[in-house]
Ligand code: C5P
């Protein structure tokens, strides 16, 4: 019997996040271009009497360990579908910022799902895993597949995208998190009374990704949630300015924030931007990462 299974799952940055009008179900239709980047959580599962979640890492105290944790929900969902008990200890080694707009919680959901499938020998098909991911949250399917993809619907309907090279990113981690529903609500408030168009992917942006052309991608990066994140956290403007002043090709809020993302021309430019952001004192931590990288992957077990 397998003693444990470990799955590594990347963070994401949204290179385009076009947000349509509020839907009757409380979600928004999106044109969401995801890029998986090399910051990772590792999820390890082993047999246990009952369901237990533990977490280690600098932000471990901010991760809920109850049934609200997406990793716990993933294990319960898979177990329910296969008529078994979720008797598993899930341990999360957390490196992705918590509530940071980089899909850290979604990564843990996708990771736990893949890990439990392997541990229990469930043999769930890719389609079944993707279906469970979509039930868990809008960003969870992308955490499973990784690479680069266009998400339609509320972000869960994925089309893989071709990328022609590696992009170099710097991420400034802010103090504290932002609640995703609160940022969407603020977006609605800021746009109240205006006509919101249906979200469409940018052809120029998809071409820049396909070509691996960082300057061209920088020119069209777009996040409709950015004004809302800045409204809720005005200090982020200082972080964005610090990275832009240090030579980043572009600066934007990652997803619903408050992590900010900086696209650099190459590795040495990324290092320079990272050093300047650290020196600026406008953020809690600075990380560099490349993308695209593969999605959730079994690394041991
Ligand atoms: O899907 P997920 O549970 O991650 O979504 C969290 C919240 O973010 C939703 O309850 C909703 O308020 C908001 N959201 C949205 N439109 C989306 C995705 C998320 O309004 N497409």
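The values are calculated or read from the model by the stated rules, or taken from the named source; none is laboratory data. If you're wondering where the values come from, they're calculated on a predicted model, not measured in any experiment. Don't worry about glycine lacking a Cβ; one is built from the backbone with ideal geometry, like all the others, and counts go over all protein chains shown.
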- Message: Residue pairs, Cβ under 9 Å, 6 or more apart or interchain, first in region 188-202 and more than 17 Å from residue 227 (Cα to Cα), second in a helix (DSSP H, G or I). List them.
- Response: 202/208; 202/220
- Any residue at all in region 13-20 that is within 16 Å of the ligand (Cβ to nearest atom), outside the structural domain of residue 255 (by TED's automatic domain parsing) and more than 30 Å from residue 167 (Cα to Cα)? no
- Failed condition for residue 71, given (1) surrounded by fewer than 22 Cβ atoms within 10 Å (Cβ to Cβ); (2) outside any strand (DSSP E or B); (3) touching a residue at least 12 places away in the same chain (Cβ under 8 Å): (1)
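With the condition kept exactly as written, say whether any residue in region 232-249 is within 15 Å of the ligand (Cβ to nearest atom), assigned to a loop (DSSP other than H, G, I, E, B) and under 20 Å from the mean Cα position of the chain (by Cα).
Going through region 232-249, the residues within 15 Å of the ligand (Cβ to nearest atom) turn out to be 232.
Those still in the list that are assigned to a loop (DSSP other than H, G, I, E, B) too: none.
Within region 232-249, none of the residues are within 15 Å of the ligand (Cβ to nearest atom), assigned to a loop (DSSP other than H, G, I, E, B) and under 20 Å from the mean Cα position of the chain (by Cα).
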- Task: Might you check whether a residue that is more than 13 Å from the ligand (Cβ to nearest atom) and part of a helix (DSSP H, G or I) occurs anywhere in region 140-152?
- Result: yes
- Message: Condition first: surrounded by 16 or more Cβ atoms within 10 Å (Cβ to Cβ) and more than 16 Å from the ligand (Cβ to nearest atom). Now tell me which residues in region 153-171 satisfy that.
- Response: 161, 163, 167, 168, 169, 170, 171
- Filter pass, residue 286 being in the same structural domain as residue 196 (by TED's automatic domain parsing), farther than 24 Å from residue 32 by Cβ, surrounded by 20 or more Cβ atoms within 10 Å (Cβ to Cβ) and under 20 Å from the mean Cα position of the chain (by Cα): yes
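Have a look at 270, 276, 265 and point out the one that is over 23 Å from residue 164 (Cα atoms), surrounded by fewer than 24 Cβ atoms within 10 Å (Cβ to Cβ) and over 19 Å from the mean Cα position of the chain (by Cα). Outline the logic, then answer.
Details: 270 fails: over 23 Å from residue 164 (Cα atoms); 265 fails: over 23 Å from residue 164 (Cα atoms).
The unique qualifying residue is 276.
Would you mind finding the one in 150, 232, 205 that is more than 29 Å from residue 277 (Cα to Cα), touching a residue at least 40 places away in the same chain (Cβ under 8 Å) and in contact with a helix residue (DSSP H, G or I) (Cβ under 8 Å, 6 or more places away or on another chain)? If you could, list the steps in order and put the result at the bottom.
On the way: 232 fails: more than 29 Å from residue 277 (Cα to Cα); 205 fails: more than 29 Å from residue 277 (Cα to Cα).
Exactly one residue qualifies, and that residue is 150.
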- Considering only region 172-185, how many residues are in contact with a helix residue (DSSP H, G or I) (Cβ under 6 Å, 6 or more places away or on another chain) and away from the ligand (no atom under 16 Å from the Cβ)? 1
- Quickly run through region 95-120 and pick out the residues that are surrounded by fewer than 24 Cβ atoms within 10 Å (Cβ to Cβ), in contact (Cβ under 8 Å) with a residue 60 or more places away in the chain and not in a helix (DSSP H, G or I). 98, 99
